[in-house]
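Chemist: My questions will all concern the structure given below.
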Amino acid sequence: MSVAALRKETKRPRARVAAVAAAVLAFLGGAPAAAGELYVFAAASLSEALEELAAAHEKQSGTKVLLNLGASSTLARQIEEGAPADLFLSADEAQMDRLAARGLILPGSRRGVLSNTLVVVVPAAGGLPIAAPRDLAGPRVEALALAEPRTVPAGIYAKRYLAGLKLWDALAARVVPTENVRAALAAVAAGNADAGIVYKTDAAISKDVRVAFEVPAAAGPRISYPFAVVRGSPRPQAARRFLAFLESAAGREVFARRGFLLLPPAPPRP
């Protein structure tokens with residue numbers, strides 16, 4: 001399948017994602033949250049870790065954590081449009097800056113909590129023998145799956161990495177942009193892309209891809225996951241408690257076990 005055809009195919013999932021996002025917003029906005037519920041908007045790459053931590057927190061506190069998972073850029077836009085989020089867990093600082101600039105983040109609640117690294121993945125069965133960045137520019141790589149490199153953090157990080165190696169111009173026409181990093185992973189797993197660039201934590205959850213090579217943290221872009229309470233949350237204290245739980249030793253152990261890099265504790269940003 002040509003890159004043009006693959007790009008056309010990605011429009012269908014995007015339409016479904018848009019419909020799902022609309023349904024999520026209708027659900028969240030249709031009625032106020034129950035007293036023991038918390039709405040958390042979080043980057044898709046955090047899915048498994050947050051599902052585990054949400055269950056543990058609910059058992060401990062009695063507060064049910066409802067997760068809205070997706071691309072950080074999409075979630076930020078939903079919050080801008082009035083979706084009733086209590087916490088925003090972004091995969092990059094830019095989306096958090098975007099909300100902070102509009103006064104949508106509770107002052108003093110923002111924290112840099114996690115980092116990650118990028119990996120290049122190929123299909124587990126019959127994947128190309130890619131061993132170094134320049135192999136991506138070889139003639140056999142016809143489709144490279146990335147999260148949308150204009151707006152989605154994982155794609156922005158990947159583009160920045162390739163641009164730093166002066167490979168972006170050679171690869172841009174082969175890029176198949178996807179809705180989020182999990183969709184890029186799925187494209188490679190299904191054999192619809194020859195390779196993809198995703199987070200190391202995402203590659204770890206799929207048996208249908210293999211890691212061709214890892215991007216050393218020192219050679220890749222600085223990846224940062226900031227967390228913050230959304231200004232206007234009707235449950236700021238409950239949101240702060242869940243945020244503290246994520247930063248606790250128990251929370252950090254879960255993130256580390258899932259492959260995330262832990263940033264050293266630091267004072268919250270304004």
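Chemist: Determine if segment 62-72 includes at least one residue that is in contact with a Ser or Thr (Cβ under 7 Å, 6 or more places away or on another chain) and either among the small types (Gly, Ala, Ser) or surrounded by fewer than 16 Cβ atoms within 10 Å (Cβ to Cβ) (or both).
Modeler: Yes, segment 62-72 has at least one match.
Chemist: Looking at segment 62-99 only, could you name the residues that are without any contact (Cβ under 8 Å) to a residue 40 or more places away in the chain and either over 15 Å from Tyr225 (Cα atoms) or touching a strand residue (DSSP E or B) at 6+ places or on another chain (Cβ under 8 Å) (or both)?
Modeler: Within segment 62-99, Gly62, Lys64, Leu66, Leu67, Leu69, Leu75, Ala76, Arg77, Glu80 qualify.
Chemist: Could you grab the pairs with beta carbons closer than 6 Å, sequence gap of 6+ or different chains, first residue in segment 132-158 and outside the structural domain of Leu46 (by TED's automatic domain parsing), second one buried (at least 24 other Cβ atoms within 10 Å of the Cβ) and among the acidic types (Asp, Glu)?
Modeler: Gly155/Glu148
Chemist: Which ones in segment 168-191 are more than 18 Å from Val122 (Cα to Cα) and assigned to a loop (DSSP other than H, G, I, E, B)?
Modeler: If the condition is that a residue be more than 18 Å from Val122 (Cα to Cα) and assigned to a loop (DSSP other than H, G, I, E, B), then Glu179 is the only one that fits.
Chemist: Having 2 or more residues that are at pLDDT below 95 is the bar; report the strands (runs of 3 or more DSSP E) wholly within segment 1-119 that clear it.
Modeler: The strands (runs of 3 or more DSSP E) meeting that bar are 111-115.
Chemist: Going by what's in this entry, would Arg182 be described as over 20 Å from Asn116 (Cβ atoms) and surrounded by 15 or more Cβ atoms within 10 Å (Cβ to Cβ)?
Modeler: In short, no.
Chemist: Mind checking which pairs have a first residue in segment 161-184 that is of a type in the set (Lys, Arg) and a second that is outside any helix (DSSP H, G or I) and modelled with pLDDT of 95 or more, Cβ under 7 Å, 6 or more apart or different chains?
Modeler: Going by the 7 Å Cβ cut-off, the qualifying pairs are Arg174/Val141; Arg174/Glu142; Arg174/Ala143; Arg174/Leu144.
Chemist: To continue, here is another question. Kindly provide the set of residues from segment 120-142 that are in contact with a Leu (Cβ under 7 Å, 6 or more places away or on another chain), in a loop (DSSP other than H, G, I, E, B) and under 17 Å from Ala184 (Cα atoms), ordered by number.
Modeler: Val141
Chemist: Only one residue in Ser109, Ser115 is in contact (Cβ under 8 Å) with a residue 40 or more places away in the chain and under 15 Å from Ser72 (Cβ atoms). Which one? Before you say what the answer is, go through the steps one by one.
Modeler: Numbers: Ser109 fails: under 15 Å from Ser72 (Cβ atoms).
Among Ser109, Ser115, only Ser115 is in contact (Cβ under 8 Å) with a residue 40 or more places away in the chain and under 15 Å from Ser72 (Cβ atoms).
The values are calculated or read from the model by the stated rules, or taken from the named source; none is laboratory data. The model shown is predicted, which means the values in this text are computed figures rather than measured ones. Positions of Cβ are generated from backbone atoms using ideal geometry, with glycine treated the same way; all protein chains shown enter the neighbour counts.
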